[in-house]
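Notes to accompany the following structure.
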């Protein structure tokens, strides 16, 4: 009897030992699986409400985890430069090309394989292959339909006395500042300052955001305003076409007034997750990614995989096709000029 008890005790000890080993093995396997899961950190200047659904879809489709850190594009670019090699960023997803151009001048970006960016026109990507546009937006003059017989034909006419007090703008908005940067690059510093001084003398009305401008124009609060094309589409989606009294005027003269800027993406040279980062870029340029930008953010696609929204003019008719969007990186000089002519304090 005593012998049987001893044998049972030994068996129980063995079972418990095996059970413990199994637990350790499972835990080790679980940890190993977690450590092999691909992940990237994305610094993004894009509105989280807009891009989070796309990022979540990317995670679901690829199994790659994404940590988003958001902020103003220019400020994030400066932060990445300041962080240097200590930066956690694998990818920079910028609201505009200027911030991407700034990082390119610092030589801290990794070249994106040409096979990923091949379908994107040259005008919407870095000449050095360091960044690529993911969606496009055109500068427009949004106007109330009651003003359709009294619109400027170009930027020069816009600053004539007849438009005094009739035009809205958002001086601290990145898109307006990119427009002014394009004005500086295309016309030169002196001519750009002359235009801005004339614009300031016309007493334009200040708004904080483009969306507020479009709403004010639609409501008849002010006749017209300088914005990006998609804000009217956003308002239409919110209140319905039957309640829209505004339209976009696209200048087709190749001037800064018809600037086509892009949201875009770059991979940091110090990224330790470049394969996953490249997959993220590839996804944004895929049919699924481009369709998202067209249907959800009302922007232009930058590849032929998806057709743009109805009633949008062809991108080939807008902006200067030879304008290098990387040149928009001189934002500091733009802010200095806007302050000098008094437009930042209006």
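The values are calculated or read from the model by the stated rules, or taken from the named source; none is laboratory data. This is a predicted model, so every value here is computed, not measured. Using ideal geometry, Cβ is built from the backbone for each residue, glycine included, and neighbour counts are taken over all protein chains shown.
Quick check: is even one residue across the stretch 271-285 closer than 27 Å to residue 332 by Cα and surrounded by 24 or more Cβ atoms within 10 Å (Cβ to Cβ)? No, there is no match, as no residue in the stretch 271-285 is closer than 27 Å to residue 332 by Cα and surrounded by 24 or more Cβ atoms within 10 Å (Cβ to Cβ). Screening the candidates 151, 141 for the property of being surrounded by fewer than 16 Cβ atoms within 10 Å (Cβ to Cβ), in contact (Cβ under 8 Å) with a residue 12 or more places away in the chain and not in a helix (DSSP H, G or I) yields one hit, 151.
Total residues in the stretch 51-61 satisfying the condition of being surrounded by fewer than 16 Cβ atoms within 10 Å (Cβ to Cβ) and under 17 Å from residue 291 (Cβ atoms): the figure is 6.
Okay, residues lined up against (1) more than 19 Å from the chain's Cα centre (by Cα); (2) buried (at least 18 other Cβ atoms within 10 Å of the Cβ):
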residue	(1), (2)
289	no, yes
295	no, no
298	no, yes
301	no, yes
307	yes, no
319	no, yes
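Counting only residues that are in contact with a strand residue (DSSP E or B) (Cβ under 6 Å, 6 or more places away or on another chain) and more than 26 Å from residue 77 (Cβ to Cβ), the stretch 272-327 holds 1 of them.
Among the listed residues 266, 246, identify the single one that is outside the structural domain of residue 183 (by TED's automatic domain parsing) and touching a helix residue (DSSP H, G or I) at 6+ places or on another chain (Cβ under 7 Å).
Details: 246 fails: outside the structural domain of residue 183 (by TED's automatic domain parsing).
Exactly one of 266, 246 is outside the structural domain of residue 183 (by TED's automatic domain parsing) and touching a helix residue (DSSP H, G or I) at 6+ places or on another chain (Cβ under 7 Å), namely 266.
Within the stretch 129-137, is even one residue within 27 Å of residue 45 (Cα to Cα) and either surrounded by fewer than 20 Cβ atoms within 10 Å (Cβ to Cβ) or at pLDDT below 95 (or both)? Checked against the condition, which is being within 27 Å of residue 45 (Cα to Cα) and either surrounded by fewer than 20 Cβ atoms within 10 Å (Cβ to Cβ) or at pLDDT below 95 (or both), the stretch 129-137 yields at least one hit.
How about the stretch 105-128: which of its residues are more than 21 Å from residue 272 (Cβ to Cβ) and either buried (at least 23 other Cβ atoms within 10 Å of the Cβ) or in contact (Cβ under 8 Å) with a residue 60 or more places away in the chain (or both)? Steps first, please.
Filtering the stretch 105-128 down to residues more than 21 Å from residue 272 (Cβ to Cβ) leaves 105, 114-115, 117-128.
Correct list: 105, 117, 119, 120, 121, 123, 124, 125, 126, 127.
Just one residue in the set 302, 306 is touching a helix residue (DSSP H, G or I) at 6+ places or on another chain (Cβ under 7 Å), assigned to a loop (DSSP other than H, G, I, E, B), under 27 Å from residue 235 (Cβ atoms) and in contact (Cβ under 8 Å) with a residue 40 or more places away in the chain; that residue is 302.
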